[in-house]
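Asker: Before we start, here is the structure in question, set down as structure tokens.
The values are calculated or read from the model by the stated rules, or taken from the named source; none is laboratory data. From a predicted model like this one, the values you see are computed outputs, not experimental measurements. All Cβ positions, even for glycine, are placed from backbone atoms using ideal geometry, and neighbour counts span all protein chains on display.
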Amino acid sequence: MTMKVLVPVKRVVDYNVKVRVAADGSGVETQGVKMSMNPFDEIAVEEAVRLREKGAAKEVVAVTIGAQAAQDVLRTAMAMGADRAILVRTDDTLEPRAVANVLKAIATREDAGLICMGKQAIDDDMNATGQILAAKLGWPQGTFASAVTVADGRIEVAREIDGGTEVVSLTLPAVITADLRLNEPRYASLPNIMKARKKPLETIEIDSLGVDTASRLTVVSVAEPSERKEGVKVNSAAELVEKLKTEAKVI
Amino acid sequence: MTALVLVEVENGAVRQASRSAVAAASRFGAVDAIVFGDGAEAAAALPGVTRVLSVPALVNDLAEPAADLLAARAKDYSHIVAAASATGKNILPRLAGLLDVQPIPDVVEIKDADTFVRPIYAGNALATVRSSDSIKVLTIRGSNFDPIAAEGGSATVETIEAPASEKSVFVKVELSASDRPELESARVVISGGKGMKDAANFKLLEPIADKLNAAIGASRAAVDSGFAPNEMQVGQTGKIVAPELYIAVGLSGAIQHLAGMKDSRVIVAINTDPEAPIFKVADYGVVGDLFEVLPELEKAL
């Protein structure tokens, strides 16, 4: 198998951090906040590495778009088993449409046979980049994947849908977006973290790609959601049922 | 301005989330509906829908032909709208890619025809965004818009052909058999967390769910531990629910879970740990062992 798998990864506020909205309402505080690879992207890296280990793919290439600091998620991807990495350098924040334009350029340059990525990033929660990218490339898509099998030039994808699972068979090349149950990502071992430092990491200036990265959305404001008030503790199930009947009038 | 709404029909009835999407879309002006597979009649009965585009041949909601078809019709519309369901989230961003517009997912509030509010960071912040695209592609979070009625309308129906799909082929679907209401439309939801300890204990939720006609949900931790299937997951990465009553059993209330249920009208938490974050959002809390509280609750109902 000669297939090259491209794995786009995103550097986001770590999922354990409780984010705070910036006082000026322009966004959320990211200064001094722990950043990590988007958890869904870790699953995508793991799946790509497994495909290579099974012999279904030849090479796994991780790519991210961001400032110099975004290199750390590429090193993590390589410590997990990606062979090399590409940083598309920019200081701007890109929307999914713009990200898809950049990834399309990289996928074409790399002649990728499969793009395996997280279904959504836990910062903007858009759940859109994979689908937009597939459309722009004219490739089929297997979104919200919980199982993936490559055979005979096709990829079979079990997809999480409302109420169950659906299986689709796609021609390659294709775009897959990873859902939670696809796999359990491995921890990068210390020797592999050391090895990853020596793997190739290429930096490309975003302007050199010549793609449209303009934003179509203007952020008018970012606000805290209204807080719920903490309620009362009750002492027994009987008291709870009584309150639900007479006070909350919900049963 | 006219909006086109992707309407999902299941067992002859329009899904509640799609009725919410029609309600949201009617803010923009006239509403047309598009239905893949059978179900044009149910969509034509929705109040406020002028015209139904029926694509009976497209039975499996495959994103590739569906997005192609929507793209071919898009120029007639100012807004293309769907519920933020698995189907909506699969098809609409692909459509946006074909149209080269930036989709706006999970809309919880419409400010005007160009300006929308959507949650980011698992609902820990609400972003108000204004779109400069000529066609807006939106998914609507059903729990934030009251659904329109299922009957009362009489739209015209136009049947259209489905484009071929060679790159993507439907193989099979496995739906979990359940007589319970859908998570997203149930009046009452009872969810179990890691405190349930194993899959067999999830059965303890059933008699209570039976008495309250409730849907059963699970936290991501419970799903990850194999206690419950993923389609039961409530949270940022699962289903977003806002029932009249939400009962959280043996779940701590991780940020990502709260994102999926904190808009419920009344929240009840049952947990042994009085410091569990779930109590911060609960209207009524019971500090205790769920294995003792659940049978008592069943008896008291």
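Asker: For A:Glu166, state whether it is out of contact with any Ser or Thr (no Cβ under 9 Å at 6 or more places or on another chain), of a type in the set (Asp, Glu) and facing another protein chain (nearest Cβ under 8 Å).
Answerer: It is true that A:Glu166 is out of contact with any Ser or Thr (no Cβ under 9 Å at 6 or more places or on another chain), of a type in the set (Asp, Glu) and facing another protein chain (nearest Cβ under 8 Å).
Asker: Return the total of residues in region B:174-227 being under 22 Å from A:Ser146 (Cα atoms) and either of a type in the set (Lys, Arg) or in a loop (DSSP other than H, G, I, E, B) (or both).
Answerer: Result for region B:174-227: 15.
Asker: Specify which of the listed residues (B:Asp38, B:Asp68, B:Asp32, B:Asp114) is touching a Lys or Arg at 6+ places or on another chain (Cβ under 7 Å), under 15 Å from B:Ile160 (Cα atoms) and either touching a residue at least 40 places away in the same chain (Cβ under 8 Å) or surrounded by fewer than 22 Cβ atoms within 10 Å (Cβ to Cβ) (or both).
Answerer: Unique residue meeting the criteria: B:Asp32.
Asker: I've got another one for you. If we keep just the residues of region B:129-144 that are over 19 Å from A:Asn127 (Cβ atoms) and touching a strand residue (DSSP E or B) at 6+ places or on another chain (Cβ under 9 Å), which is farthest from the other protein chains (Cβ to nearest Cβ)?
Answerer: B:Ile135
Asker: Considering region A:147-182 alone, what residues qualify as being modelled with pLDDT of 95 or more and touching a Lys or Arg at 6+ places or on another chain (Cβ under 7 Å)?
Answerer: A:Glu166, A:Val167, A:Val168, A:Ser169, A:Leu170, A:Thr171, A:Leu172, A:Thr177, A:Ala178
Asker: Right, next: Select from region B:281-297 the residues that are surrounded by fewer than 17 Cβ atoms within 10 Å (Cβ to Cβ) and either among the polar types (S, T, N, Q) or outside any loop (DSSP other than H, G, I, E, B) (or both) and list them in ascending order.
Answerer: Filtering region B:281-297 down to residues surrounded by fewer than 17 Cβ atoms within 10 Å (Cβ to Cβ) leaves B:289, B:291-292, B:295-296.
Answer for region B:281-297, where residues must be surrounded by fewer than 17 Cβ atoms within 10 Å (Cβ to Cβ) and either among the polar types (S, T, N, Q) or outside any loop (DSSP other than H, G, I, E, B) (or both): B:Phe291, B:Glu292, B:Pro295, B:Glu296.
Asker: So, B:Asp61, is that one more than 9 Å from chain A (Cβ to nearest Cβ) and within 19 Å of the chain's Cα centre (by Cα) or not?
Answerer: No: the conditions fail for B:Asp61.
Asker: For region B:118-164, enumerate the residues that are touching a residue at least 24 places away in the same chain (Cβ under 8 Å), under 16 Å from B:Met261 (Cα atoms) and outside any strand (DSSP E or B).
Answerer: B:Ala122, B:Gly123, B:Asn124, B:Arg141, B:Gly142, B:Ser143, B:Asn144, B:Phe145
Asker: So A:Ala67 clears everything in (1) surrounded by fewer than 17 Cβ atoms within 10 Å (Cβ to Cβ); (2) farther than 29 Å from B:Val101 by Cα; (3) touching a residue at least 24 places away in the same chain (Cβ under 8 Å) except one condition, right? Which one?
Answerer: So A:Ala67 meets the others, but not (2).
Asker: Separate question: Could you list all residues from region A:179-195 that are among the polar types (S, T, N, Q) and either part of a helix (DSSP H, G or I) or exposed (fewer than 15 other Cβ atoms within 10 Å of the Cβ) (or both)? Spell out how you get there, then give the answer.
Answerer: Of all residues in region A:179-195, those among the polar types (S, T, N, Q) come to A:183, A:189, A:192.
Within region A:179-195, A:Ser189, A:Asn192 meet the criteria.
Asker: Taking A:Lys243 as the residue in question, decide whether it is out of contact with any helix residue (DSSP H, G or I) (no Cβ under 7 Å at 6 or more places or on another chain) and at the interface with another protein chain (Cβ under 8 Å from one of its Cβ atoms). Outline the logic, then answer.
Answerer: Values: out of contact with any helix residue (DSSP H, G or I) (no Cβ under 7 Å at 6 or more places or on another chain): yes; at the interface with another protein chain (Cβ under 8 Å from one of its Cβ atoms): yes.
Spelling it out, A:Lys243 is indeed out of contact with any helix residue (DSSP H, G or I) (no Cβ under 7 Å at 6 or more places or on another chain) and at the interface with another protein chain (Cβ under 8 Å from one of its Cβ atoms).
Asker: Inspect region A:113-122 for any residue being away from chain B (no Cβ under 12 Å), at pLDDT 95 or above and out of contact with any helix residue (DSSP H, G or I) (no Cβ under 8 Å at 6 or more places or on another chain) and give the result as yes or no. Full working, then the answer.
Answerer: Step one: of region A:113-122, the residues away from chain B (no Cβ under 12 Å) are A:113-117.
Subset that is at pLDDT 95 or above: A:113-117.
Filter once more, keeping what is out of contact with any helix residue (DSSP H, G or I) (no Cβ under 8 Å at 6 or more places or on another chain): A:113.
Checked against the condition, which is being away from chain B (no Cβ under 12 Å), at pLDDT 95 or above and out of contact with any helix residue (DSSP H, G or I) (no Cβ under 8 Å at 6 or more places or on another chain), region A:113-122 yields at least one hit.
Asker: Got a sec? Which of B:Lys203, B:Lys194, B:Lys262 is touching a helix residue (DSSP H, G or I) at 6+ places or on another chain (Cβ under 7 Å), away from every other protein chain (no Cβ under 12 Å) and among the charged types (D, E, K, R)?
Answerer: Values: B:Lys203 fails: touching a helix residue (DSSP H, G or I) at 6+ places or on another chain (Cβ under 7 Å); B:Lys262 fails: away from every other protein chain (no Cβ under 12 Å).
Among B:Lys203, B:Lys194, B:Lys262, only B:Lys194 is touching a helix residue (DSSP H, G or I) at 6+ places or on another chain (Cβ under 7 Å), away from every other protein chain (no Cβ under 12 Å) and among the charged types (D, E, K, R).
Asker: Only one of these is touching a residue at least 24 places away in the same chain (Cβ under 8 Å) and either over 20 Å from the mean Cα position of the chain (by Cα) or surrounded by fewer than 16 Cβ atoms within 10 Å (Cβ to Cβ) (or both): A:Thr213, A:Thr203. Name it.
Answerer: When all the criteria are applied, what remains is A:Thr203.
Asker: I've got another one for you. Suppose the filter is surrounded by fewer than 24 Cβ atoms within 10 Å (Cβ to Cβ), assigned to a loop (DSSP other than H, G, I, E, B), modelled with pLDDT under 95 and not assigned by TED's automatic domain parsing to the domain that holds B:Arg118; does B:Asp263 pass it?
Answerer: yes
Asker: Let me ask something else about it. Looking only at region B:82-103, filter to residues that are surrounded by fewer than 24 Cβ atoms within 10 Å (Cβ to Cβ) and over 25 Å from A:Thr165 (Cβ atoms); which one of those is nearest to the other protein chains (Cβ to nearest Cβ)?
Answerer: Ranking the candidates gives B:Leu98 first.
Asker: Return a yes/no flag: does region B:125-147 have any residue that is surrounded by fewer than 15 Cβ atoms within 10 Å (Cβ to Cβ) and either at pLDDT below 95 or under 21 Å from the mean Cα position of the chain (by Cα) (or both).
Answerer: There is at least one residue in region B:125-147 that is surrounded by fewer than 15 Cβ atoms within 10 Å (Cβ to Cβ) and either at pLDDT below 95 or under 21 Å from the mean Cα position of the chain (by Cα) (or both).
Asker: Here is a check on your reading of the model: is A:Ala105 of a type in the set (Gly, Ala, Ser) and surrounded by 21 or more Cβ atoms within 10 Å (Cβ to Cβ)?
Answerer: Values: of a type in the set (Gly, Ala, Ser): yes; surrounded by 21 or more Cβ atoms within 10 Å (Cβ to Cβ): no.
Spelling it out, it is not the case that A:Ala105 is of a type in the set (Gly, Ala, Ser) and surrounded by 21 or more Cβ atoms within 10 Å (Cβ to Cβ).
Asker: Is it the case that B:Ile135 is within 19 Å of A:Pro96 (Cβ to Cβ), among the aliphatic types (A, V, I, L, M) and out of contact with any Lys or Arg (no Cβ under 9 Å at 6 or more places or on another chain)?
Answerer: No.
Asker: In region B:148-183, how many are facing another protein chain (nearest Cβ under 7 Å), among the basic types (Lys, Arg) and surrounded by 13 or more Cβ atoms within 10 Å (Cβ to Cβ)?
Answerer: Count: 1.
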